[in-house]
Every structure is written in structure tokens, then in C-alpha cells.
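What follows is a set of notes on a single structure, which appears directly below.
Every read-out reported here was derived from the displayed coordinates using simple, explicitly stated rules and does not represent laboratory data. Remember, predicted model here, so these are calculated numbers, not experimental data. A quick note on method: Cβ atoms are made from the backbone with ideal geometry, for glycine too, and the neighbour counts reach across all protein chains shown.
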Amino acid sequence: MYSLIISVLPVIVLAIIIYINDKNKEPAKLLFKLFLSGILSVILTLIISGILEAASPIFKITKDLSFIQLFISIYIGVGLVEEFSKWIMVYLVSYHENEFDEMYDMIVYSTFVSLGFACIENILYVMSKGVYVGIIRAVLSVPGHTFFGVFMGYYLGLAKISSINNNESLEKKNKYLSIIVPTLLHGTFDYLLSLESIIYLLLFLIFVVLLYIYAIKKIKRISNIPRKFKYKDNYCSNCGTKVETNYCPTCGRKNE
């Protein structure tokens, strides 16, 4: 029971924080559906990982791998596979959802899927490796999954804005970024952590601190954009703010 609490508590805390910052609350039914989708994404991850491991030994992480092989294994076999599995659930469940009418909504959706994934992953780790691992993951891995979801949601939100403004090329670009950016962040997180060196551990801690700070700032900024999407409105393709001139009042980017 104690192990289960350690596994689930950080997920609950982060879900509450994300939910509180949403000025216009999303339906509980939708959030629950997204959380369950995150759990299902674990199954998809296991299937894809199994196929990759069967196809090439490079995707089996061992101490025999070189730096380059480990890089490929982690960034593709772990980062890309896990983030794609979460992304496909987010996209299928919520991208065309009628409730998706604000920039911050997609950050909520993506993080709830990520938390569903992190919850099951955490339970599996704690049950197999003990409470101590659960405590470490509560501080590092669970928030990490959450903040990867923040960036996924941010770019999917920009993709939606591009779609509303009938800019198909920019919509595709932001969709790609909604997978690429979380994958790079996830891969860097795992890669630095996997290298047994004081220097890499220091780099990992610096990376985590910067990731947390930047993600939290993004949550606060996007959650303070109150306007709902309207087809007659124009939104900044860089930060999602409603614009009435050629220049965004928030980030200053010129909007063509």
C-alpha cells in the first residue's frame, strides 16, 4: 500500500497543479479519458519497443553499447517511442475535441496523458525496484514526463491556431515540433542520466533545473491567455497570443 501511495501521489499533485492553472476548467470526463489514454500509451510503447528490440540489438540498452549506440537507443528507442505513443493518444482524443478552444487546453490534455503514462511506469518501477526509486522518480521522472507534455501541448496548440488561420504548412510544422521537441528533451534527460560520470550528472541536474523553470514559466504565461479561439481572429504562431496588428504584443514576433 505504501509503495502504491509513493507511486501515485506525485502524479496526483502535478495533475492538481496543472488543473488549477486552467482558468476555464475542462470537463472531468474528458480529463479522465485522457488519463486512461496515457495508460494505454504504455501498452503501445511496449509493443513498439518490442518490435525495435527484435529488429536490432542496438535498442536493447546494455553497458556494451558505445556512446553513439546508446545515443540512438535512448533518443529513438526510448524518447521517440514514448513521446510518439503519448502524442498519438493526445491527438486522437483531443485535437479535434470541441472543448479545445483555448491555447492552455492542449497543455492540460497533453500533461494528463503524460501523467497517465508516468503513473503506470512509476508503479512498475516501484514494485520492481523499491520505494527509494519511487521517491527519486517523484522528484525527477514524473515531473519530467509532465513537462515534456507541456511542450507537446504548446506546439499542438500552435498547430491548432495555424489550422484556424488556414495555414496548413505552419500547422504541419508545429505538429512535427510537438513530437520532435518532447523527444529531444526526453532523450537528453535519459541520456545524461544513463552516463555514469560526475560531469554528466552535473549536466543532468543543470538540464533538469532549466527544463523545470522554463516549463513552469510557459505554464503560467499560456494559462494567462484568456481568449478563446475564434475563426475570425488571428493568433501569434509563436506564442498563441491574439494579435490585431502585424506584431505580437507578447513576444514581438512579426506575423505575416
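Test of understanding: in a Gaussian network model of the chain with alpha carbons linked when under 10 Å, which of 134, 116, 157 would top the mean-square fluctuation ranking? Of 134, 116, 157, the most mobile in the Gaussian network model is 134. Hydrophobic long helices, here whole DSSP H runs in the chain with Kyte-Doolittle means of at least 1.6 and Cα atoms spread over 20 Å or more along the helix axis, are found at 2-20, 28-55, 198-223.
For the chain, just say rounded, prolate or oblate: build the C-alpha gyration tensor, square-root its eigenvalues into a ≥ b ≥ c, call rounded for a/c under 1.5, and beyond that prolate if a/b exceeds b/c, oblate if not.
Values: a/c = 1.81, a/b = 1.55, b/c = 1.17.
Taking the square roots of the gyration eigenvalues as a ≥ b ≥ c, the chain is prolate.
Using a Förster distance of 35 angstrom, determine the FRET efficiency expected from the C-beta separation of residue 97 and residue 217, and round it to 0.05. For R0 = 35 Å, the calculated efficiency reads 0.85. Amide H to amide H distances under 5 Å link residue 243 with 234, 235, 236, where only residues 5 or more positions off or on other chains count and H is placed in the peptide plane. Here is how the number arises for the chain: DSSP H runs of 4 or more residues each give -39500 (n - 2.57), the sum is divided by the residue count, and the result at 222 nm is -23500 deg cm²/dmol.
Seen from residue 122, the other residues with C-beta closer than 12 Å to its C-beta sum to a net charge of +1, counting Lys and Arg as +1 and Asp and Glu as -1.
Please report 64, 22, 190, 101 as a ranked list, fewest other C-beta atoms within 10 angstrom at the top and most at the bottom.
On the way: 64 9, 22 16, 190 21, 101 13.
Exposure proxy ranking, most exposed first: 64, 101, 22, 190.
For 59, 151, 84, what ranking results if the residue with the fewest other Cβ atoms within 10 Å of its Cβ goes first?
84, 59, 151
Anyone know which of 186, 96, 145 comes out most mobile in the 10 Å Cα GNM of the chain? Maximum fluctuation in the GNM of the chain, among the listed residues, is at 96. Each residue in 75, 155, 109 was given a count of other beta-carbon atoms within 10 angstrom of its own, and listing them fewest first yields 75, 155, 109. Between residue 205 and residue 24, the modelled label-to-label distance comes to 4.4 nm, taking each label 7 Å out from Cα in the direction of the beta carbon. Of all the options 86, 25, 160, the one that moves most in a Gaussian network model of the chain with Cα springs shorter than 10 angstrom is 25.
Nearest 20 debye, what's the magnitude of the dipole of the chain about its Cα centre given +1 on Lys and Arg Cβ and -1 on Asp and Glu Cβ?
My answer is approximately 580 debye.
Greater than 22 Å separation of Cα atoms is the criterion. Which listed pairs, 33/129; 33/86; 23/220, meet it?
Numbers: 33/129 29 Å; 33/86 13 Å; 23/220 11 Å.
Listed pairs above 22 Å: 33/129.
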